[in-house]
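Reading through the structure tokens given below for one structure.
The values are calculated or read from the model by the stated rules, or taken from the named source; none is laboratory data. Keep in mind that this is a model prediction, so the values were computed, not measured. Cβ sites come from the backbone with ideal geometry, for glycine too, and all protein chains shown count toward neighbours. Remember, those area values only see protein heavy atoms, side chains included, never the ligands or the DNA or RNA. Shrake-Rupley method; radii C 1.70, N 1.55, O 1.52, S 1.80 Å.
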Amino acid sequence: MDLTDTPDEAAFRAEARAWLRANVPARPLPSGDTRDGFARHLDWERRLFDARWAAVSWPVPYGGREASLWEWLIFEEEYYAAGAPQRVTQNGIFLLAPTLFEFGTQEQQDRLLPRIAAARDLWCQGWSEPEAGSDLAGIKSWAVRDEAAGGWLLNGQKTWTTRGAFCTHLFGLFRTDPGLQRHAGLTYFLVPLDTPGVTVRGFGRLDGDEGFAEVFFSDAFLPDSADAILGGVGDGWRVAMATTGSERGLTLRSPGRFLAAADRLVALARSAPATGRLRERVIRAWIGARAYQLFTARQVSEMLAGSGPGARSSLNKLFWSELDIELHETALELLGPAAELDTPWSRGFLFALSGPIYAGTNEIQRNIVAERVLGLPRA
Ligand SMILES: Cc1cc2nc3c(=O)[nH]c(=O)nc-3n(C[C@H](O)[C@H](O)[C@H](O)COP(=O)(O)OP(=O)(O)OC[C@H]3O[C@@H](n4cnc5c(N)ncnc54)[C@H](O)[C@@H]3O)c2cc1C
């Protein structure tokens, strides 16, 4: 396989690099998981959109450039190498949008995708509930059909909703057939958070940012005219699995993020020379980032040949979440006592620790790999 850029890809890379060099804020923005930081990030997201870099692989009418998957990977590499801000639109652009492309009607795509790309609609993810995290099929929130009024009444509670307090919309799973259990009878709803009966309560994370929310539904009415169901009624599990595939796999965490972190780690090791075991850790982390790049290159080739990653996206998730911890732990070791200070490395380390939990815990991913990739018997 030839991984060097074609002339067109090289031109695309050069254009992306030049734009990022000219536009990435010179000083890092405050965390996008704070109210002020989120607003500052939205300005950035809109600049990206105006220059058609917000969603490069999307069709031109939706604000994209119809870039190939390879070009998207190139953009991601350049984006992270330039130290550009975190993407606070990630749930809309990287999780909901691929699901809309797969399951949305033409009308839904035309209506929603341009607003997602332009950071006008800001989406959060409503899967987890107080008694259903790993066991997503155990959710209890429900939606009841109101035939007379022509719509659905939503009730229940979601939790751990990332940036929910700052978002405008939520995509989430609700039980629509109380006669069915577990994976059956679930429906995927698209909910404006200003719907009467929806209450969003933000709360702080351990690192202090108000990055989470609980979302309560109390007879929140969604009229049929809102066209708020993605996929069919009762088809929610299948649609949700497409979203989780994007979250675990390539779209949420492309290799560019880790390649850039590995390069920064090597630069740190040069400035604070590492010896012995520590030197080996630096090298191992750098090789890990390159290995993830090659793994995803293979995955993209397979996708272009028509075979999606399916359950193998759990392998991505295991790989990137453990690599992220390894990269940050090694950096903290290199920093020595300075690791105690509030630095991008120490903040990144705290967030990396949550990697094995969000997007489905790594224990669950190992079960999926064992059963569905390797064909081992259920534990
Ligand atoms: C930073 C962050 C952001 C998040 N953002 C969102 C969001 O935007 N939207 C959203 O809906 N959720 C979000 N979550 C929630 C996340 O999806 C859940 O925390 C996760 O699915 C685990 O669920 P739980 O916390 O209820 O833990 P539990 O499911 O109670 O699990 C507790 C422990 O038991 C283990 N365990 C459970 N079942 C098994 C099993 N069958 N086999 C082996 N081990 C098992 C788990 O691996 C874990 O270690 C976020 C979480 C974090 C940390």
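Here Arg312 passes the criteria (1) part of a helix (DSSP H, G or I); (2) within 16 Å of the ligand (Cβ to nearest atom); (3) more than 25 Å from Leu278 (Cβ to Cβ) except the one numbered (2). Considering (1) within 17 Å of the chain's Cα centre (by Cα); (2) surrounded by 17 or more Cβ atoms within 10 Å (Cβ to Cβ), the lone condition that Ser141 does not fulfil carries the number (1). Residues in region 210-257 that are touching a Pro at 6+ places or on another chain (Cβ under 8 Å), crowded, with 19+ Cβ neighbours inside 10 Å and outside any helix (DSSP H, G or I): Ala220, Gly249, Leu250, Thr251.
Here the condition is being farther than 21 Å from Arg87 by Cα, more than 16 Å from the ligand (Cβ to nearest atom) and not small (Gly, Ala, Ser); of Leu173, Leu186, Leu180, it holds for Leu180 alone. Selection over region 194-206 of residues that are loosely packed, with under 15 Cβ neighbours inside 10 Å and either part of a loop (DSSP other than H, G, I, E, B) or within 14 Å of the ligand (Cβ to nearest atom) (or both) gives a count of 6. Among the residues of region 54-78, the one identified as free of Cβ contacts under 8 Å to residues at least 24 places away in the same chain and outside any loop (DSSP other than H, G, I, E, B) is Val60. For region 79-106, filtered to residues that are closer than 15 Å to Gly231 by Cβ and in a loop (DSSP other than H, G, I, E, B), the residue that is least open to solvent (accessible area, probe 1.4 Å) is Gly104. Only residues that are open to solvent by 90 Å² or more (accessible area, probe 1.4 Å) and part of a helix (DSSP H, G or I) were counted in region 15-45, giving 7.
In the set (1) away from the ligand (no atom under 14 Å from the Cβ); (2) of a type in the set (D, E, K, R); (3) touching a residue at least 12 places away in the same chain (Cβ under 8 Å), Asp324 fails one condition alone, (1). Residues that are under 17 Å from Arg298 (Cβ atoms) and either modelled with pLDDT under 90 or touching a strand residue (DSSP E or B) at 6+ places or on another chain (Cβ under 9 Å) (or both): does region 252-260 have at least one? There is at least one residue in region 252-260 that is under 17 Å from Arg298 (Cβ atoms) and either modelled with pLDDT under 90 or touching a strand residue (DSSP E or B) at 6+ places or on another chain (Cβ under 9 Å) (or both). Against the definition (surrounded by fewer than 15 Cβ atoms within 10 Å (Cβ to Cβ), modelled with pLDDT under 95 and basic (Lys, Arg)), how does Arg182 come out, yes or no? In short, yes. Pairing each residue of region 353-379 that is open to solvent by 70 Å² or more (accessible area, probe 1.4 Å) with any residue that is within 10 Å of the ligand (Cβ to nearest atom) and in a helix (DSSP H, G or I), provided the two are 6+ apart or on different chains, yields C-beta distances under 7 Å for Ala379/Asn367. Within region 144-169, if we keep just the residues that are within 12 Å of the ligand (Cβ to nearest atom) and part of a loop (DSSP other than H, G, I, E, B), the residue that is most open to solvent (accessible area, probe 1.4 Å) turns out to be Trp160.
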